[in-house]
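The values are calculated or read from the model by the stated rules, or taken from the named source; none is laboratory data. Note that this is a predicted model, so its numbers are computed, not measured. Every residue, glycine as well, gets a Cβ built from its backbone with ideal geometry; the counts of neighbours run over all protein chains shown.
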């Protein structure tokens, strides 16, 4: 076997599934280049967020200076204070949470089942369904508003959690399905064949075999759909009309201060967006391991 | 044999499960008549009135609500409203078009209300409010009410805000250079050149020129002074655009960064001592005062706007209350509207919040003892006949967009003045057809 | 069905479905011996059984999708041939009148160019940088978790805040970006959002900044799906990282890249809030996208015209979708 002729390039435990940057970098002594590239990446990614974060702790009268200040002389939580006092954040937060969790769950479950069907079961209508899904994304959201409102009104779905979740899951479905189809196709057929010959039915195949193998993709789609729903603005703006269903994203656009119309208060906006991003970051941080590929790779053997 | 029973049983199980899931997902919404979480769908209750107005006005409104609730037995739900005409249209059009309204009473903008009115979605208010309320408005506001808040005599909205572009001047800066505040366009240029110091980033004047809507505001302001009709793209309009162009590029007293700035940036520049005089809405008075370590009365002296060919003019507009026809609680809405606009309550609101201040006779009388710089400004402007009507067009939002676009294209040197005016005329003609 | 005396082919020479067929027919054969009547009525062939399963699996998703798109789609198509504005009734049938109007509309013409370059450049660089980020986040290093979190922040922020934030950041007087370029590189004002061309670059840059993490996340999940033994074998054969990427990573990721790129193209065609809040359509029309025009027409209650513009977008999407589907089928990895 080949591995017996050549000594191991590095210890066996350092298994990676990507080309080994480390070896290349060491060999050419450009580690500094790699790290500075990484530093540039972090800088570019984080500078705007830094600006937003710093704005949120800057007193309102000091927000905009010429030339700009990179840190306030007297950091304060006053913006957060005024935000919490002025706006029923708790209610909006609950609404956002229900909306985002509901939409992403429904879209991933429905989408996952549909993706399995499209990817694995060769029935005659598969291509048509696939094409129809793509086509259904064609119309821009704004153009669909009025007729969709009429539909929802007929079924009494306006201003309800149900309505919002139905609408958002539907919006998320095409992309969820088509992406999950790619991931399901990555899984080799042999596993399922083996299971089928052992007497498993479709349901068991999906639950016991496909889901664990496609788990990183499923969770990734759940996370993606959650974030999209969390920040979705246009449909909740129209369909969540009262405070009892209004999510944070809509409340964000209705923040006002300074008794002025036609302007958006940057002090409150930055504070609110910092608050809005915290749950998302927590989900990413604690859901890390679900994004990592399962060791089931080895189950193929 | 076992394979057989497996297949059939599990086929049935899985399809039953899938069908159940399908039913739950799709019919869950269809069959359940109401959301558990939003009982307001069947909001037949007649004791709740939903009132949407911008959040900064909530404290003032809240202060007068307890009396109303006691008198009428209704509960008022205050909700935050959109901050611009575009947002209002986006938020409510679909609902109104479907014969539904999430609010009973709302505060509406000049660039969204005509659209709602014309589509027949708002309630006529002629009979809802007593004559005493309508007559309380000064003559200077009558053209605005008749042109913008009514259609052929039927009124659909009642103003609660009096927005006019005031000319704020840095008397301290001008005095230190022995200069007088400019009274004409020419003086603006002359005085402006003496105040401008490009190396320090100081300019004579600026305004928010970002699209949408803000560019229109300033162009319409200048056009009023030039005696033109901005939607006709006539000579007055051309003159105004030329003047603005000259201020930016020829005399360099107006920063070109204004093309992407809104009112916040404009105010911040003024308060950073980089601007000597500017046109700004009344709310700036409060903004300046709030910056306590900077504020001094001579830093925000209101003078008459520099006169163009047609004199010293500034157009007026403002938000107002109106009631959607599809409001769930029409009677409650009418009651609340009557209360808020009554000659007793309106002054109380006006005292607390500039957004709710109009020069109604009752308000002027009640606030005459307060030393409100805006009131004296209103007085000065009305005596000098500065107020001019806001330009009107049946398709107001689209017409304003045309002005925005034409001005932007010309001022950023992407088209000549002649071409820009021609394009404006063509697009307005297309609107009128 | 096997004939008597015909040798049964080796199972592993048949593909999955042929095997399934064989098994099914064996089951059916057994059944018929005992219940000849039932066969014709209740027993379905395995093929149809799977079709039913497929339908059942697809039902929730299709049901949801149909509910929210069929009626609006039909309504929009119907509206696009009328000139309908609730504020100026009545509705009139105008045939292709709206489309002719769109052809002659200076705003539509002015925005087409930027719409295409906005969508095209954004998607291209999002995939390009997305691949880099995916590799970065897939590599083993200690702060990987934090790095993943950091790299997702741009995409996780609300669009309004990002657009407004960058508007301030690019401002020549108040902004960090001109200030930093002045301090670090001595560059004078680049007139970021004032110059029509530079404004386009700025808007496209912000769009790339915002959505690349999304693409990167998907490609990361895709990378996870590539078995590491492929790289092992290649390394043993002496391949360097460049050829490993070209020969292993890219081909295996192609379906996901094509899918994602296609969706990004389609989705970004309908998005306008970034340029709209950041520059309002830019100096003149330089950062106006077609979707903004649709938004403003819709707001002015010109539902007929807005619908027609929407149908134009549908046409563009159809083209992109067809191309994407063809590519996807070609790059299908078995």
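Does residue C:201 qualify as being assigned by TED's automatic domain parsing to the domain that holds residue C:283, over 17 Å from the mean Cα position of the chain (by Cα) and crowded, with 21+ Cβ neighbours inside 10 Å? It is false that residue C:201 is assigned by TED's automatic domain parsing to the domain that holds residue C:283, over 17 Å from the mean Cα position of the chain (by Cα) and crowded, with 21+ Cβ neighbours inside 10 Å. Close Cβ contacts (under 6 Å, 6 or more residues apart or on different chains) running from residues in segment A:50-64 that are facing chain B (nearest Cβ under 10 Å) to residues that are surrounded by fewer than 19 Cβ atoms within 10 Å (Cβ to Cβ) and not in a helix (DSSP H, G or I) comprise A:61/B:291; A:62/A:72. Here residue A:216 does not qualify as surrounded by fewer than 17 Cβ atoms within 10 Å (Cβ to Cβ), more than 14 Å from chain B (Cβ to nearest Cβ) and part of a helix (DSSP H, G or I). Against the conditions (1) more than 7 Å from every other protein chain (Cβ to nearest Cβ); (2) modelled with pLDDT of 90 or more; (3) within 18 Å of residue A:97 (Cα to Cα), residue A:249 satisfies every one except (1).
So that you can scan it fast, the table gives a plain yes or no per residue for (1) at the interface with another protein chain (Cβ under 8 Å from one of its Cβ atoms); (2) closer than 30 Å to residue B:209 by Cβ; (3) assigned to a helix (DSSP H, G or I):
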position: C:204; (1), (2), (3): no, yes, yes
position: C:215; (1), (2), (3): no, no, yes
position: C:220; (1), (2), (3): yes, no, yes
position: C:246; (1), (2), (3): no, no, yes
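Of all the residues in segment A:237-246, those that are in contact (Cβ under 8 Å) with a residue 40 or more places away in the chain and at the interface with another protein chain (Cβ under 7 Å from one of its Cβ atoms) number 6. Scanning segment B:228-266 for residues that are farther than 14 Å from residue C:194 by Cβ, in contact with a strand residue (DSSP E or B) (Cβ under 7 Å, 6 or more places away or on another chain) and not in a helix (DSSP H, G or I) yields a single hit, B:253.
Residues in segment B:374-425 that are within 21 Å of residue C:85 (Cα to Cα) and either surrounded by 17 or more Cβ atoms within 10 Å (Cβ to Cβ) or modelled with pLDDT of 95 or more (or both): how many?
Summing the residues that are within 21 Å of residue C:85 (Cα to Cα) and either surrounded by 17 or more Cβ atoms within 10 Å (Cβ to Cβ) or modelled with pLDDT of 95 or more (or both) in segment B:374-425 gives 9.
Please determine, by comparing only the residues of segment B:374-403 that are closer than 19 Å to residue B:225 by Cβ and part of a helix (DSSP H, G or I), which one is nearest to the other protein chains (Cβ to nearest Cβ). Only one residue tops the list, namely B:400. Inclusion of residue B:403 among residues that are under 23 Å from residue B:247 (Cα atoms) and more than 23 Å from the chain's Cα centre (by Cα) is not warranted.
Just the residues that are touching a residue at least 40 places away in the same chain (Cβ under 8 Å) and surrounded by fewer than 22 Cβ atoms within 10 Å (Cβ to Cβ), please, taken from segment B:102-122.
B:118, B:120
For segment C:163-191, the candidate set comprises residues that are more than 7 Å from chain A (Cβ to nearest Cβ) and touching a residue at least 24 places away in the same chain (Cβ under 8 Å); within that set, the residue that is surrounded by the fewest Cβ atoms within 10 Å (Cβ to Cβ) is C:163. Determine, yes or no, whether residue C:70 is part of a helix (DSSP H, G or I), out of contact with any helix residue (DSSP H, G or I) (no Cβ under 8 Å at 6 or more places or on another chain), at pLDDT 80 or above and within 30 Å of residue B:93 (Cβ to Cβ). When the stated conditions are applied, residue C:70 passes them. Considering the conditions (1) within 7 Å of another protein chain (Cβ to nearest Cβ); (2) surrounded by fewer than 23 Cβ atoms within 10 Å (Cβ to Cβ); (3) at pLDDT 90 or above, residue C:318 is excluded by exactly one of them, (3).
Can you pull out every residue in segment B:418-427 that is more than 8 Å from chain C (Cβ to nearest Cβ) and touching a helix residue (DSSP H, G or I) at 6+ places or on another chain (Cβ under 6 Å)? The answer is B:420, B:421, B:424. When the residues of segment B:78-105 are filtered to those that are farther than 20 Å from residue A:257 by Cβ and outside any helix (DSSP H, G or I), the one that is farthest from the other protein chains (Cβ to nearest Cβ) is B:105.
I'm checking my understanding of the structure. Among residues of segment B:267-279 that are in contact with a strand residue (DSSP E or B) (Cβ under 9 Å, 6 or more places away or on another chain) and not in a helix (DSSP H, G or I), which one is nearest to the other protein chains (Cβ to nearest Cβ)? Before you say what the answer is, go through the steps one by one.
Step one: list which residues in segment B:267-279 are in contact with a strand residue (DSSP E or B) (Cβ under 9 Å, 6 or more places away or on another chain), which gives B:267, B:269-270, B:273-279.
From what is left, the residues that are not in a helix (DSSP H, G or I) are B:273-279.
Working: B:273: 10, B:274: 7, B:275: 11, B:276: 16, B:277: 18, B:278: 15, B:279: 14 Å.
Step by step, filter segment B:267-279, then rank; the result is B:274.
Of the residues screened, residue C:158 is one that is free of Cβ contacts under 8 Å to residues at least 24 places away in the same chain, within 27 Å of residue C:201 (Cα to Cα) and within 7 Å of chain A (Cβ to nearest Cβ).
Return yes when residue C:144 is in contact (Cβ under 8 Å) with a residue 12 or more places away in the chain, surrounded by fewer than 22 Cβ atoms within 10 Å (Cβ to Cβ), touching a helix residue (DSSP H, G or I) at 6+ places or on another chain (Cβ under 8 Å) and more than 7 Å from every other protein chain (Cβ to nearest Cβ) and no when it is not. Taking the combined requirement at face value, the residue does not satisfy it. Being surrounded by 24 or more Cβ atoms within 10 Å (Cβ to Cβ) and under 19 Å from residue C:166 (Cα atoms) holds for only one residue in C:280, C:310, and it is C:280. Out of all the residues in segment B:338-354, is one or more in contact with a helix residue (DSSP H, G or I) (Cβ under 9 Å, 6 or more places away or on another chain), at pLDDT 90 or above and farther than 30 Å from residue B:75 by Cβ? Looking through segment B:338-354, none of the residues is in contact with a helix residue (DSSP H, G or I) (Cβ under 9 Å, 6 or more places away or on another chain), at pLDDT 90 or above and farther than 30 Å from residue B:75 by Cβ.
Checked against the criteria, residue B:229 counts as surrounded by fewer than 18 Cβ atoms within 10 Å (Cβ to Cβ) and over 27 Å from residue C:173 (Cβ atoms).
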